[in-house]
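J.: Here you go, one structure.
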Amino acid sequence: SALKAARDAKFQAIFPIRGKILNTYNMAVSKALQNKEISDIMTILGAGIGKEFNVDTMRYDRIILAADADFDGFHICSLLILLMNTLCKGAIEAGKVFVAQPPLFIVTKGKEKIYCLNDAERDRAIKKIGSGAKVSREKGLGETDSESLNDTIMNPETRILIQVKNDVNTARGYSWETFFGKDTESRKEWLSSLEGLEHDNAAF
């Protein structure tokens, strides 16, 4: 894949996930591990599971979650964050879990290239570059070129990562139940609060 081609194999590893990962909210660890992808993720991290998880023995210094820069991608990243909180919460508490920011649009003119996370950034980039700007709407990690994925996800010098924090002080009264549980009214309230806001995948 393009993302695998973008990595530095000396210190970066890629684990592909097919489709949406299991919703592990309030799920027993034993049941979650019946899912092969989840079981494989925990084996790869090599640091135990659930209450036995020990961040000091984790094979990697960082866990970076990467998904398409659209709403389906946000949903997948949210489920992955939930998985981290369910089975390896210590990694979040230690500041080891991040969400990558792949581009939704790439605006180019000649050798100039601007990565854009949302519509507003795209519009600003077009205005900056001026006439003749070309805009590509990225269809996902599988179709974005490896150079762009290296710039925005893999390269420590240029990528943008959002650190995942389990901080109740910034949750505005929402909880895991709001987003992943059966409390549909609270979820509708949250969705209503987003109306009119600029779409931005920095909302994680």
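The values are calculated or read from the model by the stated rules, or taken from the named source; none is laboratory data. Predicted model only: the values in this text are computed from it and were never measured. Here the Cβ positions follow ideal geometry from the backbone for every residue, glycine too, while neighbour counts run over all protein chains shown. To get the accessible areas, we keep the full protein, side chains included, count just its heavy atoms, and leave off ligands, DNA and RNA. Shrake-Rupley method; radii C 1.70, N 1.55, O 1.52, S 1.80 Å.
J.: Where does each of Asp61, Asp123, Asp40 land when they are ordered by accessible area, with a 1.4 Å probe and the largest first?
T.: Listed by decreasing accessible area, they come as Asp61, Asp123, Asp40.
J.: Using θ = phi - 60° and the Karplus relation 6.51 cos²θ - 1.76 cosθ + 1.60, list the HN-Hα couplings for segment 56-63 in order, rounded to whole Hz, with x at every Gly or Pro.
T.: For segment 56-63, the Karplus curve yields 5, 9, 5, 5, 10, 6, 9, 10 Hz.
J.: Select from Ile81, Phe53, Leu149 the residue farthest towards the positive end of the dipole of the chain; place +1 on Cβ of Lys and Arg, -1 on Cβ of Asp and Glu, and compute about the Cα centre.
T.: Towards the positive end, the residue furthest out is Leu149.
J.: Another question about this same structure. Roughly how compact is segment 1-95, stated as its Cα Rg over 2.2 N^0.38 Å to two decimals?
T.: Expressed relative to 2.2 N^0.38 Å, the Cα Rg reads 1.07.
J.: Where nothing but the Cβ of Lys and Arg (+1) and of Asp and Glu (-1) is charged, how large is the charge dipole of the chain around its Cα centre, in debye to the nearest 20?
T.: Here the size comes out at about 360 debye.
J.: Tell me the relative contact order for segment 1-98 as a rounded percent, counting alpha carbon contacts under 8 Å between residues six or more apart.
T.: After rounding, I find 29 percent.
J.: Could you go through segment 98-105 in sequence order and give the Karplus-derived ³J(HN,Hα) for each residue, using 6.51 cos²θ - 1.76 cosθ + 1.60 with θ = phi - 60°, rounded to whole Hz, and x for Gly and Pro?
T.: 9, 10, 6, 10, x, x, 8, 9
J.: Equivalent ellipsoid semi-axes for the chain, as square roots of 5 times the alpha carbon gyration tensor eigenvalues: give them largest first, rounded to whole Å.
T.: Its equivalent ellipsoid spans semi-axes of 31, 23, 14 Å.
J.: Working with all protein chains in place, sort Tyr174, Tyr25, Tyr60 by solvent-accessible area computed with a 1.4 Å probe, largest first.
T.: Values: Tyr174 40, Tyr25 60, Tyr60 85 Å².
Heavy-atom accessible area, descending, gives Tyr60, Tyr25, Tyr174.
J.: Oh, and also: Per residue, how much accessible area does segment 16-164 show when a 1.4 Å probe rolls over the protein heavy atoms, in square angstrom? Could you put the intermediate results ahead of the total?
T.: Working: 7930 Å² over 149 residues.
For segment 16-164, the per-residue accessible area is 53 Å².
J.: Where the accessible area of the chain is counted over protein heavy atoms with a 1.4 Å probe, how much of it, in %, is carbon and sulfur? If you can, show how the numbers build up before the last one.
T.: Details: 6060 of 12150 Å².
Ligands and nucleic acids excluded, carbon and sulfur reach 50 percent.
J.: Leaving out same-chain residues fewer than 8 places away, which lysines sit with a Cα under 16 Å from that of Lys127?
T.: Once the sequence-local lysines are set aside, what remains near Lys127 is Lys109, Lys113.
J.: Which residue, chosen from Thr158, Ile126, Ala69, occupies the Cα position most advanced towards the positive end of the dipole of the chain, where the dipole is computed from +1 (Lys, Arg) and -1 (Asp, Glu) charges on Cβ about the Cα centre?
T.: With unit charges placed on the Cβ atoms, the residue in question is Thr158.
J.: Across segment 125-130, in residue order, what do the Karplus-derived ³J(HN,Hα) couplings come to in whole Hz, using 6.51 cos²θ - 1.76 cosθ + 1.60 with θ = phi - 60° and x for Gly and Pro?
T.: Values per residue, Gly and Pro as x: 5, 4, 5, 5, 6, x Hz.
J.: How far apart, in nm, are the 7 Å Cα→Cβ label points at Lys165 and Lys51?
T.: About 2.9 nm, to one decimal.
J.: Here is the link list: Lys4/Lys139; Lys31/Lys51; Lys36/Lys188; Lys31/Lys182; Lys20/Lys139. Which ones come out longer than 22 Å on Cα distance?
T.: Lys36/Lys188
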